[in-house]
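Just below is one structure, and these are the notes that go with it.
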Amino acid sequence: MSMEISTTLTESPTSDAALAEVLADPGFGVHFTDHMFTVEWTPEKGWHDARITPYGPLTLDPATAVLHYAQETFEGMKAYRHADGSVWTFRPEANAERMARSSVRLALPVLPVEDFVAAVDALIKVDERWVPDSEGEKSLYIRPFMIATERFLGVRPSQHVTFMVIASPAGSYFKGGIKPVSLWLTTEYSRAGRGGMGAAKTGGNYASSLVAQQEATANGCDQVVFLDSEEATYVEELGGMNMYFVFADGRIATPATGTILEGITRASIIKIAESLGYTVEERRLSIDEWRDGVTSGEIKEIFACGTAAVVTPVGALKWDGGEVPQAGDGSSELTNKIRSALVDIQFGRGEDAFGWMHQVC
Ligand SMILES: *Cc1c(COP(=O)(O)O)cnc(C)c1O
């Protein structure tokens, strides 16, 4: 049975003039649309009371479980406006399925895939005018999230859970456009460990990454790269992006360790690269292979990928006492080719050969 969604529209929608100003330079994650989606869960009632309401603050009891024990999951996805004015999302069921896996890991209830997709569609439809036109690769960033909303300080899975969707128009994630991101290799901190929650999209993984990111910034780097926690040898990922290594012989490799968050961008690039004739390896890749491969020229390009930043070339890697320069000649040829293939599908400029796009309106 699919979810019934009630709608209460805002009485003070953002004016056309104010909206035009926001959409001209949306930044990332600073402006939010006029509405939000909410549905609640209890063991007795299951998912109930699905609604679109005006965007606004939540009132939470100070004893609300999520504030203390971080029982929460989230997703990140985008809606794209095509040249004919239609609005589409990219593989939304993949986000729904990943949230289901994350929720199982965090002992949260599973929201059915069709309800997740219906919630995202409903919010996009009601705030459709917030989807920027595709110029400059702008989009509407969508943030579904699920939080433990029981008022209880005991430690056990929450008996009241709230799933919400909010949306925010987005320009380019990195200020200053597509230029290589410099990376800081943290030798002190890990992002995830065996049996932990590295494969779940949950706020705690981000909370634990911030001090390492601070270290990166203090050392003049854009982003931090994490190694595996057991041997501090194998490359995992950045704070919020997966990694790819392009070899001179036409292979490309992406870390697979069991403790990374497997991105939908990462998975889509595997398909795109294979269709372009590349051999894709999902395997462990050591920091020595990175350093030696760049030095010998065997690694030609390195890039990072995720919904927010799409595909971004990786520049130099620094750590306490050393540095590896950017791989290859800096042309980022395959990086750019893969990036174009992906965004062309997302913005409707290229054929949707894999059936990834979902029309919303
Ligand atoms: C969300 C996320 C990614 C990228 O996933 P996409 O589905 O491609 O956006 C990578 N790493 C982490 C830790 C993430 O949370």
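Structure notes:
- The single condition among (1) farther than 30 Å from V110 by Cβ; (2) in contact (Cβ under 8 Å) with a residue 12 or more places away in the chain that Q214 does not meet is (2).
- Exclusive hit being at pLDDT 95 or above and surrounded by fewer than 21 Cβ atoms within 10 Å (Cβ to Cβ), set G203, G171, G177: G203
- Candidate set: region 255-264, residues that are in contact (Cβ under 8 Å) with a residue 40 or more places away in the chain and surrounded by fewer than 21 Cβ atoms within 10 Å (Cβ to Cβ); chosen: the one farthest from the ligand (Cβ to nearest atom): G258
- Qualifying residue in region 115-126 (condition: in a strand (DSSP E or B) and modelled with pLDDT of 95 or more): no
- Here G322, G348, G328, G315 are screened, and the one residue that is over 22 Å from E135 (Cβ atoms) and out of contact with any helix residue (DSSP H, G or I) (no Cβ under 9 Å at 6 or more places or on another chain) is G315.
- E282 vs. criteria surrounded by fewer than 16 Cβ atoms within 10 Å (Cβ to Cβ), within 16 Å of the ligand (Cβ to nearest atom) and acidic (D, E): yes
- Only one entry of A248, A267 meets the criterion of being away from the ligand (no atom under 11 Å from the Cβ), surrounded by fewer than 18 Cβ atoms within 10 Å (Cβ to Cβ) and under 25 Å from G328 (Cα atoms), and that entry is A248.
- When region 229-244 is filtered for residues that are in contact (Cβ under 8 Å) with a residue 24 or more places away in the chain and either of a type in the set (G, A, S) or more than 16 Å from the ligand (Cβ to nearest atom) (or both), the ones remaining, listed by number, are S229, E230, A232, T233, G239, G240.
The values are calculated or read from the model by the stated rules, or taken from the named source; none is laboratory data. Keep in mind that this is a model prediction, so the values were computed, not measured. Backbone-built Cβ (ideal geometry, glycine too); neighbour counts: all protein chains shown.
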